[in-house]
């Protein structure tokens, strides 16, 4: 698809407000927003990124406030707010919505987790990255058809929401030029947000049971969880935290590992890390849960019973035997960023402007 077959559009991509959109990314959603902006621009569209202060390549005149836990870092959480922060975030989104309306964008591609944007008359295309959030679900219901169009990162995620019209399922994509294949190695790897719902402690237990050392990377999003569940398991050489890495550092790490563990303890909507690992040729052992289980069912990967350490340890050994070029080729064929950007560009051409 080229601009000869689709109309050039002026797009505002609204990111979530909690963390800056920059490397090292706070999570998969932040990574998705940044990489999609670049990919859609490469197709010839104009894309302005609206994001939290401290982001890279965003519209600096209209920034979202972000979240700061500087007064009490031990209370830091990916879901809670410090006093006053939620009200400030809502006010910022109302201000942003008025700005977007004045600017007259063709599309407002909403990737935020706020209910506020549905209160304003905007040409919305909202990507659903999470299971249904009650406040957002209520705002969509109140807006009705004015809520615009929807996409979801998996069929499982789409099914969790009640929408004015069905969501188009567009799984996320991976920049396969960045996430390049590597030789593998002896250790297993886990990477992502270090929070309870990502289940790192179960990956540590499974690797210990499987007799394979584990390297793990990521941002500590819950300090209590890290101190009570992760630190006690970091004994000897069984598990080593390598810190928070940018994409280049992660690619180097993951491509030199034997297998990648993906261990969600919630109904994971997509699980971008699994596909990034597979783009490196590193086979995945994952819990069969949510959109992740849905999308990996037909993949060269090993799926385990959710929350079952024995099952996961067995899956680690199965995954380690999968041919690395086969793993890489599957992701290139099914989940490349270029394919995803083209699908979004097609949808942009279908969204009525206001």
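The values are calculated or read from the model by the stated rules, or taken from the named source; none is laboratory data. Every value quoted in this text rests on a predicted model; they were computed, and no experiment measured them. Glycine gets a Cβ as well: all are built from the backbone with ideal geometry, and neighbour counts include every protein chain shown.
Being in a loop (DSSP other than H, G, I, E, B) and crowded, with 24+ Cβ neighbours inside 10 Å: is that true of residue 300 here? Criteria not met by residue 300. Restricting attention to the range 252-269, the residues that are assigned to a loop (DSSP other than H, G, I, E, B) and buried (at least 22 other Cβ atoms within 10 Å of the Cβ) total 5.
Residues that are touching a residue at least 60 places away in the same chain (Cβ under 8 Å) and either more than 17 Å from the chain's Cα centre (by Cα) or surrounded by fewer than 22 Cβ atoms within 10 Å (Cβ to Cβ) (or both) within the range 125-149 comprise 125, 130, 131, 148, 149, listed in sequence order.
Do we find a residue being at pLDDT 95 or above, more than 25 Å from residue 168 (Cβ to Cβ) and not in a helix (DSSP H, G or I) anywhere in the range 335-349? Within the range 335-349, not a single residue is at pLDDT 95 or above, more than 25 Å from residue 168 (Cβ to Cβ) and not in a helix (DSSP H, G or I).
The residues listed here are 97, 156, 139; of these, the one that is closer than 29 Å to residue 8 by Cα, part of a helix (DSSP H, G or I) and touching a helix residue (DSSP H, G or I) at 6+ places or on another chain (Cβ under 6 Å) is 97.
When residue 312 is tested against (1) surrounded by 14 or more Cβ atoms within 10 Å (Cβ to Cβ); (2) assigned by TED's automatic domain parsing to the domain that holds residue 265; (3) within 21 Å of the chain's Cα centre (by Cα), just one condition goes unmet, and that condition is (3). When the residues of the range 76-104 are filtered to those that are in contact (Cβ under 8 Å) with a residue 60 or more places away in the chain and within 25 Å of the chain's Cα centre (by Cα), the one that is farthest from residue 28 (Cα to Cα) is 100. Checked against the criterion of being in contact with a strand residue (DSSP E or B) (Cβ under 8 Å, 6 or more places away or on another chain) and either farther than 25 Å from residue 195 by Cα or in a loop (DSSP other than H, G, I, E, B) (or both), the range 80-89 has no qualifying residue. Scanning the range 17-66 for residues that are on the phi > 0 side of the Ramachandran plot and in contact with a strand residue (DSSP E or B) (Cβ under 9 Å, 6 or more places away or on another chain), we see that the one that is surrounded by the fewest Cβ atoms within 10 Å (Cβ to Cβ) is 57.
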